[in-house]
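A.B. asks: Sharing a structure here in structure tokens format.
The values are calculated or read from the model by the stated rules, or taken from the named source; none is laboratory data. What you are looking at is a predicted structure, and each value in this text was computed from that prediction instead of being measured. In this analysis, Cβ positions are derived from the backbone assuming ideal geometry, glycine residues included, and neighbour counts consider all displayed protein chains. Just the protein is used for accessible areas: all its heavy atoms, side chains included, with ligands, DNA and RNA removed. Shrake-Rupley method; radii C 1.70, N 1.55, O 1.52, S 1.80 Å.
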Amino acid sequence: MSTPIPCNMISGVIFDLDNTLVSSALDFDWLRQQLSCAANIDLLQYIADIPDVTHRKQLEEKVIEHELADARQSTIMPECENLLSYLRQQKIPTAVVTRNCAQAAKLKIDHHQLQFDRIVSREEFPPKPAPDALLDIAKQWQLVPQNILYVGDYIYDLQAAFRANMPSCLVTNGDDVRFTNQASIVVQQLDGLTDILREQTCMLQREHDSVEV
């Protein structure tokens, strides 16, 4: 299930971070093994459910350590800068909602000199696929969720968008993924989204011009 793209203009864009805007080489299968987390259990939820506070903190620190190491070697994803530049030109607000810790998210964003109106990490709200962070941004921007596009590369991103009643864009990065049917639109790289948004802008301008005539 997905929320349809609105016929009127997308008024805000929220992004996932890892492998959407910047690369990530985190090996979650390896990390689960290190933390004794089963493959079918969400890693963050597994840690959150550990009753022993000391043990939980130890596992949280291990995850953060790996996230920071990953952040230091990250690279910017293809066409990211062009898309963000276009959104700034159109005065469309942008935000990031990531399952990363705040330290790793800031390190990645600062390292690549990216700018957003807001950055939300897992410390602020329940992590995706929970929609809480997306809905809070919509409230802050005073926009209806249907006019905000959420962009990500994983099923949690699509689920969070659907639960927030937002349209979603799945970036496949050229991979053959099984959950494309849950996205409102699918692109291989971010330039595909730039093209879609440009076309929407041109279409609305043509409609506006025809009404004036």
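A.B. asks: Apply the Karplus parameterisation 6.51 cos²θ - 1.76 cosθ + 1.60, with θ equal to phi minus 60°, to every residue of region 73-88 and state each ³J(HN,Hα) to the nearest whole Hz, in sequence, with x for glycine and proline.
C.D. replies: Result, ordered by residue: 10, 6, 10, 7, 6, x, 6, 4, 5, 5, 5, 5, 5, 5, 5, 5 Hz.
A.B. asks: In addition: Quickly rank 37-49, 166-178 as a protection proxy: mean count of other C-beta atoms within 10 Å, highest first.
C.D. replies: 166-178, 37-49
A.B. asks: Related question: Once all Cα-Cα distances of the chain are split into 5 Å bins that start at 0, what whole-number percent is in each one?
C.D. replies: For the chain, the pair-distance distribution reads 1, 7, 14, 18, 20, 16, 10, 6, 3, 2, 1, 1, 0, 0.
A.B. asks: What part of the accessible area of region 18-105, given as a whole %, is carbon or sulfur when the probe is 1.4 angstrom?
C.D. replies: Roughly 48 percent of what the probe reaches on region 18-105 is carbon or sulfur.
A.B. asks: Over all Cα pairs of region 1-114, how is the pair count split among 5 Å bins, expressed in % and running from 0 up to the last occupied bin?
C.D. replies: Binned Cα distances yield the sequence 2, 10, 17, 18, 16, 13, 11, 7, 4, 1, 0.
A.B. asks: Just the number, please: percent antiparallel of the DSSP beta bridges in the chain, rounded to the nearest 5.
C.D. replies: Antiparallel bridges: around 5 percent, rounded to the nearest 5.
A.B. asks: Over all pairs of distinct alpha carbons, what does the Kirkwood formula give as the hydrodynamic radius of region 79-122, in Å?
C.D. replies: Over region 79-122, the inverse of the mean reciprocal pair distance is 11.0 Å.
A.B. asks: Then there is this: Keeping all protein chains in place, calculate the accessible area per residue for region 24-170 (probe 1.4 angstrom), answer in Å².
C.D. replies: So region 24-170 comes to 52 Å² accessible per residue, rounded to a whole number.
A.B. asks: Now, a different point. With a/c under 1.5 counting as rounded, go ahead and sort region 83-195 into rounded, prolate or oblate using the C-alpha gyration tensor (a ≥ b ≥ c being the square roots of the eigenvalues; past the cut-off, prolate if a/b is larger than b/c, else oblate).
C.D. replies: Rounded is the answer for region 83-195, as its axis ratio a/c remains below 1.5.
A.B. asks: Follow-up. Under the definition of Cα pairs under 8 Å and six or more residues apart, what whole-number percent is the relative contact order of the chain?
C.D. replies: Here the relative contact order equals 28 percent.
A.B. asks: Please list, by residue number, everything in region 16-42 whose backbone N is under 11 Å from a paramagnetic label point 7 Å out along Cα→Cβ of Asp110.
C.D. replies: Counting only backbone N, you get no residues.
A.B. asks: Share of region 156-197's accessible area from carbon and sulfur, percent, 1.4 Å?
C.D. replies: Ligands and nucleic acids excluded, carbon and sulfur give 38 percent.
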